[in-house]
Amino acid sequence: MKVLVAVKEVATVEEGFELDGTTIDDRYLEYDLNEWDDYAIETGVQLAEADDDIEVVSVSIGPERAEETIRMALAKGVDRAIRVWDDTLAEAELLDVRTKAELFEAVIEAEAPDMVLTGVQAHDDSFGATGVAVAEAAGFGHAAVVNALDLDADAGTAHVRRELEGGVEELTDVELPAVLTIQTGINEPRYASLRGIRMAQRKEIDVQTLEDLGLDAAIVDSPIELTAMYEPESESNVELFDGDADAAAGNLATLLREKGVGAE
Amino acid sequence: MSDVLAVIDHRRGQLRDVSYELITAGADLADAMGGTLALAVISGDVDQFAETLDRDGIDTIYTVDHGEEFNHDVYVQSIEALYDELAPTALLMPNSVNGLDYAPAIAERLGMPLVTDAIELSYDETLTVTREMYGSKVETTVTVSEEPFAVTVRGSEWAKAEGTGGATIEPFEVSVDESAMRSTVTGFEEVGGGDVDITDADVLVSVGRGIEEEENIELVERLADALGATLSSSRPIVDNGWLPKNRQVGQSGKVVTPDVYIAIGISGAVQHVAGMKGSETIVAINTDPDAPIFDIADYGIIGDLFDVVPALIAEFDE
Ligand SMILES: Cc1cc2nc3c(=O)[nH]c(=O)nc-3n(C[C@H](O)[C@H](O)[C@H](O)COP(=O)(O)OP(=O)(O)OC[C@H]3O[C@@H](n4cnc5c(N)ncnc54)[C@H](O)[C@@H]3O)c2cc1C
């Protein structure tokens, strides 16, 4: 059995960032493994640890810089890694959901996994759509926002819990092959061991181009265009308590007492 | 024609608030596009839902009477059938957990471009969508130069539709292909019960990822004690197992409305804010002046919680 895990490197924005047109100045971006994907990786690795017949393969769409993140996935126990990238993808302004679904579909066709795990969303653009779109493109079943998984490989069924709003969980059985979008909290992602990190350094990352995947350059064309990026206009009239910690805390304490907080 | 089809959200017999907001967003968009708004009500008590939903601005409400609960295969097949019949230009869906479970699939099946989590929509020859990125730190606009298109809308961004409309309610037959259904809902469970009910508290001290380590939770516990407050948290604290699920504030946790909510080391992500924005007074303590929590806070301290919290405890322990 094979499990494919989608792994995205995302940028987080540092304090005091500055905008540069429709991007954030690179100085203020820190690149890291997408938080949700960390849980998807852990899910895949735990499945493989429980069953020797399960291979876990990561797939990333991203530039060479992403290899550091991909090696983190390898260090945590992913068996091998695929990175999809080429000049056409690098030049695209924006990879939309349809384009990503085409790319993943081509990888799925080549790899024929039984299960695909993605994060619920990527922290950077927060589209939350890739996993489910991939399922549709590949003709797989799916479940979105999964926070518990019990795999019955023999029956070809994934018993999952979908985390709905307001503390309600939906219990669902999904037929394999399937895509599950994984929610944070489903498990406790491990830290990579030193040995894992060393082994990951030696592993080959399989770089696939559009041509390798048998895809036309036209798949990156998108009708969706990012036209502006700005800091949200704050409607707030937050009153800030300045000064050092003691002074600020003193003023906050006065306010809280006025509101009746701490009164015996 | 440039019509809008909006898909209603309901769960366990209840229409969800975003359904009424979709009517407002859909009616505005239909207006701007020079078309009409139709609703799709799929599964559940569709007749009762349709009657309740009949508010201003709707042309037709199509009801698909199939099953009780949400199933994404039924939704995808029903929307596809409605689309084949009505050929709308815009497909509007909720950015709810269930919306995320079918919207990308139907957009992909129909070959439509998809933009999710819209907080504003405008239309002037082309669609412009406003949405956030990087955990609400920036806002962006995107244009969509292809029609038809699909959009999911964020909850609580549009007003709920009001009034009594005169929509035509039309049952719509969909012969659902059961053999194409790949998932079955077997039940529901409420989680997060337990000893404390954070929705009862007058004062909440709420802790986020800024606390860094499990052993530091004790610091905010001491603050809660000193203030006579109850301790709650953002999601990562619960994900890490540092506090039980019944302490989680937000979209997938509890919705709280205390007199005072003190957010400590919490950035103010939309799913967190959904659970606490109704608090009477919001206080934020955060090192990052750009943290979105300050947009909704009434009072704030830009500072390190490891300095501010001990100082605050000292103020009340004296
Ligand atoms: C479907 C879905 C459902 C979700 N449901 C929920 C939910 O119910 N509740 C919820 O909370 N989240 C929910 N989330 C997650 C949400 O998107 C955020 O990831 C989460 O709220 C972030 O928590 P945080 O603010 O504690 O952490 P972060 O976003 O990491 O913020 C930490 C903050 O601490 C500050 N900080 C760091 N160090 C210090 C210091 N020393 N002193 C002071 N400040 C410091 C930082 O500046 C930062 O602003 C959900 C997400 C999804 C996709």
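The values are calculated or read from the model by the stated rules, or taken from the named source; none is laboratory data. All of these numbers come straight from a predicted model, not from anything done at the bench. Here the Cβ positions follow ideal geometry from the backbone for every residue, glycine too, while neighbour counts run over all protein chains shown. When the accessible area is computed, the model is the full protein with side chains, heavy atoms only, and any ligands, DNA or RNA have been set aside. Shrake-Rupley method; radii C 1.70, N 1.55, O 1.52, S 1.80 Å.
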**All lysines inside 30 Å of B:LYS160 as judged from Cα atoms, apart from same-chain residues fewer than 8 positions distant** = B:LYS137, B:LYS254, B:LYS277
**Request:** Per residue of region A:247-257, in order, report the coupling 6.51 cos²θ - 1.76 cosθ + 1.60 (Karplus, θ = phi - 60°) as ³J(HN,Hα) in whole Hz, putting x for Gly and Pro.
**Result:** 5, 5, 5, x, 5, 5, 4, 4, 4, 4, 5
**Fill in**
Mean-square fluctuation maximum in Gaussian network of chain A, Cα pairs under 10 Å, restricted to A:LYS76, A:LYS100, A:LYS203, hits A:LYS203
**Prompt:** Between A:PRO113, A:PRO189, A:PRO232, which gets the highest mean-square fluctuation from a Gaussian network model of chain A, Cα cutoff 10 Å?
**Reply:** A:PRO232
**Complete:** Under the 7 Å Cα-to-Cβ spin-label approximation, B:GLN271 and A:ALA217 lie apart by a distance in nanometres of 3.9 nm
**Item:** Mean separation of Cα contacts under 8 Å (6+ apart) over length of region B:3-180, as relative contact order %
**Value:** 30 percent
**Asked** Within 10 Å of each Cβ of B:140-152, how many other protein chain Cβ atoms are there on average?
**Response** 4
**Request:** Give me the distance in nm between label points sitting 7 Å out from Cα along the Cα-to-Cβ direction at B:ASP200 and A:GLU258, one decimal.
**Result:** 3.1 nm
**Straight-distance crosslink candidates among lysines, where the alpha carbon sits under 22 Å from A:LYS76 and sequence neighbours closer than 8 are dropped** = A:LYS2, A:LYS8, A:LYS203
**Asked** What do the square roots of 5 times the Cα gyration tensor eigenvalues come to for the protein assembly as shown, in whole Å, largest first, as semi-axes of the equivalent ellipsoid?
**Response** 37, 31, 24
**Complete:** The answer for GluC sites (Glu not before Pro) in region B:135-174 that fall in a DSSP coil and have at most 12 neighbouring Cβ atoms within 10 Å is B:GLU162, B:GLU173
**Item:** Radius 12 Å from Cβ of B:ILE61, net charge of other residues (Lys, Arg +1; Asp, Glu -1)
**Value:** -4
**Accessible area of A:HIS123 in the full protein assembly, 1.4 Å probe (Å², nearest 10)** = 50 Å²
**Request:** For the protein assembly as shown, build the charge dipole from Cβ charges (+1 Lys, Arg; -1 Asp, Glu) around the Cα centre, then report which of A:VAL179, B:GLY187, A:ALA122 sits farthest towards its positive end.
**Result:** B:GLY187
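Relative to the Cα centre, what is the charge dipole magnitude of chain A, using +1 at the beta carbon of each Lys and Arg, -1 at the beta carbon of each Asp and Glu, and rounding to the nearest 20 debye?
Here chain A has a charge dipole of around 800 debye.
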**Complete:** Unit-weight point scatterers at every alpha-carbon of chain B, Debye formula, q = 0.07, 0.08, 0.11, 0.16 1/Å: log10 I(q)/I(0) is -0.34, -0.44, -0.77, -1.21
**Asked** Average partner chain C-beta neighbours within 10 Å, per residue of B:228-240?
**Response** 2
**Request:** Give the distance, in whole Å, between the Cα centre of region B:283-318 and the Cα centre of region B:164-184.
**Result:** 50 Å
**Asked** Which whole number gives the average, over all residues in B:295-302, of C-beta atoms from other chains lying within 10 Å of the residue C-beta?
**Response** 6
**Message:** Compute a Gaussian network model of chain A, connecting alpha carbons closer than 10 Å, and tell me which residue from A:THR43, A:THR227, A:THR209 fluctuates the most.
**Reply:** A:THR227
**Request:** Sticking with the crude label model, points 7 Å out along Cα→Cβ, report the distance from A:THR209 to A:ALA148 in nm, one decimal please.
**Result:** 4.8 nm
**Prompt:** Out of the DSSP beta bridges found with both residues in region A:1-106, what percent are antiparallel (nearest 5)?
**Reply:** 40 percent
**Message:** Compute, for the protein assembly as shown, the length of the dipole vector about the Cα centre, with Cβ point charges of +1 (Lys, Arg) and -1 (Asp, Glu) only. Units Debye, rounded to 20.
**Reply:** 800 debye
**Complete:** DSSP beta bridges in the protein assembly as shown: the antiparallel percent, rounded to 5, is 40 percent
**Message:** Using +1 at the C-beta of Lys and Arg and -1 at the C-beta of Asp and Glu, which of B:VAL41, B:ALA105, B:VAL115 has the Cα lying farthest in the positive direction of the dipole of region B:3-180?
**Reply:** B:VAL115
**Asked** Roughly how many Å² of B:ASP84 are accessible to a 1.4 Å probe, to the nearest 10?
**Response** 110 Å²
**Prompt:** Given R₀ = 30 Å, FRET efficiency for A:GLU64-A:GLU18 by Cβ-Cβ distance, to 0.05?
**Reply:** 0.75
**Fill in**
Within region A:44-130, DSSP-loop GluC sites (Glu not before Pro) with at most 13 other C-beta atoms within 10 Å are A:GLU93
**Prompt:** With the Cα gyration tensor of region A:2-220 giving a ≥ b ≥ c as the square roots of its eigenvalues, does the rule (a/c under 1.5 for rounded; else a/b larger than b/c for prolate; else oblate) give rounded, prolate or oblate?
**Reply:** rounded
**Whole-percent pair-distance distribution, where bins are 10 Å wide, for the alpha carbons of region B:224-318** = 17, 49, 33, 2
**Request:** Pairs of Cα atoms under 8 Å, at least six residues apart: use those to get the relative contact order of chain B, whole percent.
**Result:** 15 percent
**Request:** For A:VAL59, enumerate residues with amide H under 5 Å from its amide H, sequence gap 5+ or separate chain, H modeled in the peptide plane.
**Result:** A:VAL5, A:ALA6, A:VAL7, A:ILE82
**Message:** What does DSSP give for chain B in terms of the percent of beta bridges that are antiparallel, rounded to the nearest 5?
**Reply:** 25 percent
**Request:** Give the distance, in whole Å, between the Cα centre of region A:10-31 and the Cα centre of region B:83-150.
**Result:** 25 Å
**Asked** What is the dipole size for region A:151-264, taken about its Cα centre, with +1 at each Lys and Arg Cβ and -1 at each Asp and Glu Cβ, in debye to the nearest 20?
**Response** 760 debye
